[in-house]
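Shown next, in structure tokens, is the structure this report addresses.
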Amino acid sequence: MKTDEIREKYLRFFKERGHTVVPSDSLVPTNDPSLLFTGAGMNQFKEMFLGRGKMEYTRATSCQKCVRTGDIDNVGRTARHHTFFEMLGNFSFGDYFKREAIHWAWDFLMNEMKIPSSRLRVSVYKDDEEAYGIWANEIGVPADRIYRFGAKDNYWPANAIEDGPNGPCGPCSEIFFDYGEDVGCGDPDCSPACDCDRWVEIWNLVFTQFERQDGGKLIPLPQKNIDTGMGLERMASVMQGKRTNYDTDNFQTMIAEVGRLTHTKYGDDKETDRRMKRIADHARAVVFMISDGVLPANEGRGYVLRRLLRRAVSDGLAIGAKDAFVYKLVPSIAKVMGTAYGELVSKRENIASIVKADEARFLETLAAGEDMIEKLVARMKDEGRKIVSGEEAFKLYDTFGYPIEFLVERMGEHGFEVDLVVFKREMDLQRERARAGSSIAADIFAGAKSPVHDLASKVPATEFTGYHHLRTEATTRGIIKGNGLPARIGAADGDVALVLDSTPFYAQSGGQVGDTGEIRGDNFTFVVKDTISAEGLYLHMGAVTHGTLVVGAPVVAEVDAARRADIMRNHTATHLLHYALRKRLGTHVEQSGSLVTPERLRFDFTHFQAVRREELRDVERIVNSVVSADMPVKTEETTLVEARGRGVIALFGEKYGDEVRVVSVGDVSMELCGGTHLHHAGSIGFFKVISEESVAQGVRRITAVTGAGAVAAVHGLEDTLGEISANLDAPVSRLVERSADVVAETRRLRKELEKIAASQASSAAKDLASAAKPYGPLRAIVERIDNLGVEDLRKLIDGLKKESSLVTVLASVKDGKVALIAAVSKDLLPKGASAVTLIKSIAPEVEGGGGGKPDMAQAGGKNPAGVDKALTKARSEIEALAAKL
């Protein structure tokens, strides 16, 4: 049975049993900052499990995209570890409980998957008599096939009773497939508790029935829930008779493509197979992450993506790839996974381009790494070392991205080893620092008792009226101040969040900033400084300026109309900018982020080179032509299926519900959008780009202004031209010609100054050479010349290059900073003289450090008071060197 068929059968099975089929959430969790990535099917139903979500349904089923990187080193080594995987699940929110969950699970395995019951075993929590009774008495599983395990194996979260965290928890029941006695450890008492490969857990049924409180106290929940999870890849390996997930249909297609691109055969070598499996796994994870809006970066989610991609590239190079190849896997992955995730097919070119750009960047890092390796080898030979320190290896890995396995291999070629013990210690310390500095909570129910949650459980969701009204009569439903919900507030209470039953204030979302304005009532005024949303409530952030506001009071909520109009101008212009970029640059352009404020708009988009000036002007012309035509702006509610069928643009990485809002500008732009917009494009007035820049590999950013802001930008340019015209004493019409003359004259004068400086440096060098003091078989110059920069000192050194048997040490203090430079004539190098050794011995005297090459090295320092000591030490080092010669 193919993987796609298993997925389809599962969702259909539970749909027929009253479950709503819910699309997979994004890998970037929707409205849940407590998670770095979506790692389980239940994540998107968090509020439903807590009884606070909009109960549109009480039964759900899904196939959830998941990313977990906790066991990343086991990927490719074991039969079932992955970074990206799919989790099938069925969920109940206060509806059915253990009996139905167990009966349906067994029904699906027996009648849909047709797995022989003799190949299955089940486990229950040791004290869960209810679950045991259902399995034994109702399903009829023999007692010797039901195992009772402790809280580590059969409780969620594991060991929650003793260790926490506080919050919803409960026992679970797991279903295992038996691969047979010929697989695994061979122990006659082997059970599903064994870590051998005989048993594979295919389904976990979690019975969330308690709330864990301090001290391990379990309080029955008023709403009991079901949360189940079945790993699709694991079920595929069972149904296809494969010992590992990597031997199933989807993975074998991807691995075959890896082999084709790297000219490597799968199945001939264990280590090569491991690398091929890891490439397929990591590449699939990278493709899905980018599809959901994650881009390569040096922190957060982007850092995880970049590390996965670079591990895949490193593996590829190790087994035969000669250049970038992971991006070539994207079409194959899109084809394999496209049946369930059609967005991969439509976005595959963009995804491939993003992968290729970062892959190329990494290959450049590796090329640059060769130079670092050569310098490291030279330094180790100079210092007589045979082992690369763990700190050095970690710096190459962490700062420059140079893979540790590459370092071990390259240093081994030179007869050196790498201290992997200390390297691992440094890696562990980095992980601890990352965890300590992360805002990602370990407990996905963190904050469940916050005042926002409490209020959301007591009042209905806020009704938004702001699409059609800027003024609404409403009722105060709650006040949030700190961690409390006061009944009244006054001017002395400072900033709070005010919740109404309905509001015209737009809450920050989709890149559009929140509205500001006033909320007024009998004898009080509340100034709204920002509007955000959480838990279905609109939070009006602000303060009472006079009077007293009481919960339940009638109010009039009024948006700052002029500010909203400026925001709408910029938001509608953002849609037109997207249209113009796709028309001028190509349909590979897709939005990857935006910010819409009253003052300006910022638009991030996929493109793989700087937008040329003439292209930007064409983009401006296209936008302004739509503005001049005063095209109508229309909005409509429709289904996601209908919208996509009409070619409406859905934003990269966004998650949409079944019902969506379409914003159209004439016949040129149609996008899914929940923001506020103009009624006619002509109200934009005038559109002007003010900057274009790179923000990430393969992502560009345009900042633009509209209306009065655009006019002000043009006026600013005119003012700048006027000042330049006055400074160059030329009319604006001759500024180009006049500036060219000034540049040419400046270059001529600079060359003359360089000649003078070179002559002076040569003269100064001769003076220094004549002042050199004898030290046995060599001569030395040790001088302090203040108010010179390091480049000036280098010029003096260059003037001494023709000298022989000469050691030079120069020091200078300029603007409170110390510069040191040392040089050794080339005839002294074979005799053991080294400028690097010399500079490193004296730099600590000025609280500095440095390096360089044996014939010349330099250092900087921050202690001018130590310069004379540094020079005295230099003389001592030179004397010692002379004695050896």
Under the definition of Cα pairs under 8 Å and six or more residues apart, what whole-number percent is the relative contact order of the chain?
6 percent
What value does segment 508-619 have for Rg/Rh, both radii from Cα atoms and Rh as Kirkwood defines it?
1.16
Over segment 451-559, what portion of Cα pair distances is larger than 20 Å, expressed as a whole percent?
29 percent
Lys, Arg +1 and Asp, Glu -1 on Cβ, resulting dipole of the chain about Cα centre, debye, nearest 20
2060 debye
To the nearest 0.05, the calculated FRET efficiency linking Thr253 and Ala79 through their beta-carbon distance, R0 being 25 Å, is 0.85
Placing unit charges on C-beta atoms (Lys and Arg positive, Asp and Glu negative, everything else neutral), compute the dipole magnitude of segment 251-313 about its Cα centre in debye, rounded to 20.
140 debye
Remind me, what semi-axes does segment 3-243 give for its equivalent ellipsoid, largest first in whole Å, using sqrt of 5 times each Cα gyration tensor eigenvalue?
26, 21, 19
Can you give the Rg to Rh ratio of segment 310-363, both from alpha-carbon atoms, with Rh computed by the Kirkwood formula?
1.03
Once R0 is set to 30 Å, what does the formula 1/(1 + (r/R0)^6) return for the Cβ-Cβ distance between Ala726 and Val695, expressed as a FRET efficiency to the nearest 0.05?
0.25
Which lysines have a Cα less than 26 Å from the Cα of Lys277, not counting those fewer than 8 places away in the same chain?
Lys2, Lys65, Lys242, Lys265, Lys322, Lys328, Lys335, Lys347, Lys356, Lys424
Rg to Rh ratio, segment 547-612, alpha-carbon atoms and Kirkwood radius?
1.27
Report, ordered by chain and residue number, the aspartates and glutamates lying within cross-link reach of Lys98, taken as a straight Cα distance under 15 Å and ignoring same-chain residues fewer than 8 apart.
Asp107, Asp127, Asp128, Glu129, Glu130, Glu138, Glu174, Asp227
In Å, descending, principal axis extents of the Cα set of segment 1-124:
43, 42, 29
Share of pairwise Cα separations in segment 666-787, more than 18 Å, in percent
78 percent
What percentages, rounded to whole numbers, describe P(r) for segment 771-884 computed over all alpha carbon pairs with 5 Å bin width beginning at zero?
2, 14, 26, 27, 19, 9, 3, 0
How much net charge surrounds Val388 when only the other residues with a Cβ under 13 Å from the Cβ of Val388 are counted, with Lys and Arg +1 and Asp and Glu -1?
-1
Going by C-beta contacts inside 10 Å, put Glu343, Glu374 in order with the fewest on the left.
Glu374, Glu343
Could you give the alpha-carbon Rg of segment 564-718 over 2.2 N^0.38 Å, rounded to two decimals?
0.99
Helix-only CD estimate at 222 nm, as mean residue ellipticity for the chain, using -39500 (n - 2.57) per DSSP H run (n ≥ 4)
-12000 deg cm²/dmol
Eligible lysines near Lys795 by straight Cα distance, threshold 16 Å, same-chain separation 8 or greater:
Lys751, Lys755, Lys766
Could you please rank Arg477, Arg198, placing first whichever residue has the fewest other Cβ atoms within 10 Å of its Cβ?
Arg477, Arg198
Bounding extents of the chain in its principal axis frame from Cα atoms, largest first in Å, are 104, 79, 55
If you consider only alpha-carbon coordinates, what radius of gyration and Dmax does segment 248-361 have, in Å?
13.1, 38
In what order do Asp25, Asp515, Asp127 fall by count of nearby beta-carbon atoms within 10 Å, going from fewest to most?
Asp127, Asp25, Asp515
Computed from every Cα-Cα pair in segment 87-196, P(r) in 5 Å bins starting at 0 and rounded to whole percents is 2, 10, 19, 22, 21, 15, 7, 3, 0
From phi via Karplus (6.51, -1.76, 1.60), per-residue ³J(HN,Hα) for segment 566-580 in Hz, x at Gly/Pro:
5, 5, 5, 4, 6, 6, 4, 5, 4, 5, 5, 4, 4, 4, 5
Pairs of alpha carbons in segment 151-238 whose separation is greater than 17 Å (percent)
56 percent
Report, to two decimal places, the Cα Rg of segment 632-719 normalised by 2.2 N^0.38 Å (N = number of residues).
1.36
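Just so you know, all these numbers are worked out from the coordinates, no wet-lab data involved. Since this is a predicted model, take the numbers as computed values, not measurements. Here the Cβ is made from the backbone with ideal geometry for all residues, glycine too, and neighbour counts use every protein chain on show.
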